[in-house]
Amino acid sequence: MQLDPATRARLTFVRRWLLGLTVCALGWTVVLVLGDGFVVSLGSLRVSSRDPRSPLLLALAALSAAAVISRVLGVPLPWVELMVRLRRLLVALRIYARQLWARARQRWTRANQRWIQAGSKVPAAMLVAVVIAAAVLDLHQLFGAAPLWLDEEMIALNFRDRSFRELGGRLWLQQSAPYGWLVVQRAVLLTLGSSEIALRLVPTLFGIATYIAALWIATRWLTWPAGFAFVLMCIFGRALSHYRVEVKHYSGDAFWALLLPALAVWATEGATADVRRRRMITWWLAAAAGLWLANGALLVVPACALLVLATTLRRDGARAASRQAAWGLVWFTSFVLHYAISLRHTAYLRQYWAAEFPPRAASWLETFRWFGGRLELIGTGIGGSGAGMIFWILGACGLVWSARTALGLVFGGVVVSGFVLAVLRLVPMYDRFSLWMVPALYAGLALVIDRAVRSARDAMRKGNRLRCGTTMAIAGAAIVFCAGILQRGVGRLHMERPTENHGVDDRTAVSWLISHRLPGDALITTRLGLPALWWYGRISIAGDGSQATRGMYSVEHRRQGAGCGLADALVDYRRVLVYIGFPDMPDGFDELLFAELDQMGAISVYREDAALSRAAVVDLGAPGPNARAFVDREPRRGIDGCVVIRHAVRR
């Protein structure tokens, strides 16, 4: 059909418009199929589009009309033209994609070369900045000075009320600590006073030294991703961060258990035999000094000594190894002295913690199952992981698969030592008593990342994309796992200054109560509340403890019975000072105690601090009304039974 140019131009325009309408309608059909459409209401006007069949029919109609016009114009059918244009578009996209891929490869190669060739200055500076910030935060928490917790009070009473010589004997209140640590703590107390800041200064400094040692290990042996993860875990690990601000020796255990293995590896890396000899002597002297300050320094020595002696024997011969073994006599002499002064007096505690050792009569299979349960508890407890067994598996893989063989061997030996000591029933594999193993396990996690990063770099140089991707995936999974540890521990580091400790404020409540004490008053608390009265009440427990327990009583709950003797025991007193703090009795016991005391007299003064600390002064035989604070207190449910009272005893 012959068409004039004007008509052809109009039909061509209509055809293009119809093809555009077809494409838009098909696109809208896809949107409605994938989604739920839309509804728009403007007053009485309602516009909606939910049925995909309507735009599909519109697309078919437009495509049919375009086909008719194409026949009239004598041009190819529209779907043929669409396929041709689609093919051209795909070819253009393919060329463009190749160009983008080439540019991306060039940029990736440049970035990889910079990463490989980059020195450690920037990552090291970042690590130093993180360590400084963590130290500032730890010191801030130290000066926040939360009240002492029960365990802190009990160990503090020992080095407050015993002389330097007496610190070497069996400690009171079923406590134990290295003799050197106790001496340092008593020296600090005599020099700086008995404030919480002074008492926690040494543990905090040990905690800061732990992640400074981790910084040294990271910058010397690890790639920066692995080093970053390792330092952060040593800073934010839940147990490590917790014991940095407690009056206990566990932060020292972690520090020496991390430093001595690293020093052993450093000693074996000397360039010459003379350098290695001097470094190994330094290591023996450090180990001999460390065992006086931390049990962790003692427990890691066997694994470290094996590495030192084996390396000396392999590289320098039997004569050099025998000389190193002779230097080991210095350490052994130090150990014997420390055992005679302090360690031998802690043997009875093994019976106290007997349940935390493998059963004596257990078969190998039962022992294996016992250890399996312990691994889960340690991994999720002091390890700070959300998956205990994965924590151990990843740590073991890092120690075995390590690119730094000596580092993997020595930290692996530390972990194995924990199992051996538990089997020998020397050190319980339980909670804080296994804290000395945690830095080695964190090192295992870091070594997984380190080996994966090194393997990825090597594969990248060789152009092995599959191996590179696999090892990077392993590194990513390990980093994500470490991030979980950090997330669980980061809450321990905060800027608030707490006024209570686990819901108890012994400092405020006991100080207030003692300020009301008059000569002849009786003091009553629960058995585990006695250390709070002795410490914050400044009551000495020196000597045989008779001075400390004079006029002091401990109370406990009896489920059944009447007339437990509370009134008879207090018949010679006119006033009783009562403190309930540490929750060692069933819920409601405090209400039961105050109810019985209320029947015997008037609660003239009453105070509550934090969630659990309650203090009161009771005037026995006085008919007066109870204190307003006691009457208006929040009602609590009591329990049945009665209160048993006994003279306080310093155990």
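The values are calculated or read from the model by the stated rules, or taken from the named source; none is laboratory data. Not measured: the values here are computed from a predicted model. Neighbour counts are summed over all protein chains in view; Cβ atoms, including those assigned to glycine, are modelled from backbone coordinates with ideal geometry. In case anyone asks, the SASA skips ligands and DNA or RNA and just uses the protein heavy atoms, side chains included. Shrake-Rupley method; radii C 1.70, N 1.55, O 1.52, S 1.80 Å.
General remarks:
- Selected residue (only one of Ala92, Ala65, Ala102, Ala97 is at pLDDT 80 or above, open to solvent by less than 60 Å² (accessible area, probe 1.4 Å) and touching a Lys or Arg at 6+ places or on another chain (Cβ under 9 Å)): Ala65
- The set of residues from segment 191-200 being among the aliphatic types (A, V, I, L, M) and surrounded by 21 or more Cβ atoms within 10 Å (Cβ to Cβ) comprises just one member, Leu199.
- Helices (runs of 4 or more DSSP H) contained in segment 300-400 and holding at least 3 residues open to solvent by 20 Å² or more (accessible area, probe 1.4 Å) and closer than 30 Å to Arg488 by Cβ: 364-380, 388-400
- When we screen Leu528, Leu518 for residues that are in contact with a Phe, Trp or Tyr (Cβ under 8 Å, 6 or more places away or on another chain) and either over 22 Å from Tyr606 (Cβ atoms) or not polar (S, T, N, Q) (or both), the only hit is Leu528.
- Count - residues of segment 164-184 that are farther than 20 Å from Gly543 by Cα and part of a helix (DSSP H, G or I): 3
- Cβ pairs under 8 Å, 6+ apart, first in segment 357-378 and among the aromatic types (Phe, Trp, Tyr), second surrounded by 12 or more Cβ atoms within 10 Å (Cβ to Cβ) and at pLDDT below 85: Phe357/Arg350; Trp370/Ala362
- Scan segment 134-159 for residues that are open to solvent by less than 60 Å² (accessible area, probe 1.4 Å), aliphatic (A, V, I, L, M) and closer than 30 Å to Thr223 by Cβ and the total you get is 3.
- Every residue from segment 602-647 that is on the phi > 0 side of the Ramachandran plot and either surrounded by 19 or more Cβ atoms within 10 Å (Cβ to Cβ) or part of a strand (DSSP E or B) (or both): Ala610
- Those strands (runs of 3 or more DSSP E) of segment 488-599 in which 3 or more residues are open to solvent by less than 30 Å² (accessible area, probe 1.4 Å), closer than 16 Å to Arg614 by Cβ and at pLDDT 90 or above occupy 522-526, 575-580.
- Restricting segment 407-428 to residues that are over 19 Å from Ala310 (Cα atoms) and open to solvent by less than 20 Å² (accessible area, probe 1.4 Å), the residue that is modelled with the highest pLDDT is Gly418.
Listed here are the residues, each with its yes/no results for (1) among the basic types (Lys, Arg); (2) touching a Gly at 6+ places or on another chain (Cβ under 8 Å); (3) in a helix (DSSP H, G or I); (4) under 30 Å from Pro203 (Cα atoms).
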{"site": "Ser434", "(1), (2), (3), (4)": "no, yes, yes, yes"}
{"site": "Met437", "(1), (2), (3), (4)": "no, yes, yes, yes"}
{"site": "Val453", "(1), (2), (3), (4)": "no, no, yes, no"}
{"site": "Arg467", "(1), (2), (3), (4)": "yes, no, yes, no"}
{"site": "Ala473", "(1), (2), (3), (4)": "no, no, yes, no"}
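- Arg244 falls short of the stated requirement of being open to solvent by 10 Å² or more (accessible area, probe 1.4 Å) and modelled with pLDDT under 95.
- Of all residues in segment 264-297, those being open to solvent by 20 Å² or more (accessible area, probe 1.4 Å), free of Cβ contacts under 8 Å to residues at least 40 places away in the same chain and either in a helix (DSSP H, G or I) or within 24 Å of Gly418 (Cβ to Cβ) (or both) number 6.
Results for (1) at pLDDT below 75; (2) out of contact with any helix residue (DSSP H, G or I) (no Cβ under 8 Å at 6 or more places or on another chain); (3) surrounded by 15 or more Cβ atoms within 10 Å (Cβ to Cβ), shown as yes or no for each residue.
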position	(1), (2), (3)
Ala25	no, no, yes
Trp28	no, no, yes
Leu45	yes, yes, no
Arg53	no, yes, no
Leu57	no, yes, no
Ser70	no, no, yes
